[in-house]
């Protein structure tokens, strides 16, 4: 498989190394060159310094030809923007965004971006470890169909849509505690 990962933090670097070791074509992009130091010495994929929320950058690294696109930075906003570009502008079929906020993870999945929530995963694991009842195992929240009948993006509509690099994005909603 051809896999693009945005974000070379702990999760991105580990996953990139594992996927590369299994024989997949992996390209990982991060805004920090130092982030690539997290990759294993055996990593044979492509490590590209660049902005994973920039459509031109994603096209240059071949993201439009990716089978899988994973947005794994530390920022929910960056991950949603990258995932939306991959889904809508590049038409990648399998796209997942790591979202730390439980409320946002659910909302973005309902708006058409598949999400995985580290908070859900850790909470489930810790409750199970200390012997308390847990619900079903957290999973990737599947994306709902991502366009309105008029062809507009529900994500852009929900977040107040402005245009960046030819793609509609905007400020994320405020989540009240």
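The values are calculated or read from the model by the stated rules, or taken from the named source; none is laboratory data. Nothing here was measured: the structure is a model prediction, and the numbers come from that model. Neighbour counts run over all protein chains shown; Cβ positions are idealised from the backbone, glycine included.
The set of residues from region 109-136 being touching a strand residue (DSSP E or B) at 6+ places or on another chain (Cβ under 9 Å) and either more than 22 Å from residue 9 (Cα to Cα) or exposed (fewer than 15 other Cβ atoms within 10 Å of the Cβ) (or both) comprises 109, 110.
Rundown of residues vs (1) over 16 Å from the mean Cα position of the chain (by Cα); (2) farther than 20 Å from residue 113 by Cα, yes/no style:
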position: 7; (1), (2): no, no
position: 10; (1), (2): no, yes
position: 17; (1), (2): yes, yes
position: 35; (1), (2): yes, yes
position: 50; (1), (2): no, yes
position: 60; (1), (2): yes, yes
position: 63; (1), (2): no, no
position: 68; (1), (2): no, no
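Answer with yes or no whether residue 52 is touching a strand residue (DSSP E or B) at 6+ places or on another chain (Cβ under 6 Å), in contact (Cβ under 8 Å) with a residue 12 or more places away in the chain, over 30 Å from residue 136 (Cβ atoms) and assigned to a loop (DSSP other than H, G, I, E, B). For residue 52, the condition - touching a strand residue (DSSP E or B) at 6+ places or on another chain (Cβ under 6 Å), in contact (Cβ under 8 Å) with a residue 12 or more places away in the chain, over 30 Å from residue 136 (Cβ atoms) and assigned to a loop (DSSP other than H, G, I, E, B) - is met. Scanning region 56-81 for residues that are under 15 Å from residue 96 (Cα atoms) and in a loop (DSSP other than H, G, I, E, B) turns up 66, 67, 72, 73, 74, 75. Residues of region 5-32 that are touching a residue at least 12 places away in the same chain (Cβ under 8 Å) and at positive phi: 7 alone.
The residue that is nearest to the chain's Cα centre (by Cα), among those in region 91-106 that are within 13 Å of residue 139 (Cβ to Cβ) and part of a helix (DSSP H, G or I), is 105.
Sub-6 Å Cβ pairs linking a first residue in region 104-133 that is touching a residue at least 60 places away in the same chain (Cβ under 8 Å) to a second residue that is assigned to a helix (DSSP H, G or I) and surrounded by fewer than 15 Cβ atoms within 10 Å (Cβ to Cβ), at least 6 apart or interchain, number zero.
For the condition at pLDDT 95 or above and either over 26 Å from residue 144 (Cα atoms) or buried (at least 17 other Cβ atoms within 10 Å of the Cβ) (or both), residue 2 does not qualify.
Would you call residue 121 part of a helix (DSSP H, G or I) and closer than 25 Å to residue 35 by Cα? Taking the combined requirement at face value, the residue satisfies it. Does region 13-23 contain at least one residue that is outside any helix (DSSP H, G or I) and touching a strand residue (DSSP E or B) at 6+ places or on another chain (Cβ under 9 Å)? Scanning region 13-23 turns up no residue that is outside any helix (DSSP H, G or I) and touching a strand residue (DSSP E or B) at 6+ places or on another chain (Cβ under 9 Å).
Among residues that are under 23 Å from residue 26 (Cα atoms), surrounded by fewer than 15 Cβ atoms within 10 Å (Cβ to Cβ) and modelled with pLDDT of 95 or more, residue 78 is not included.
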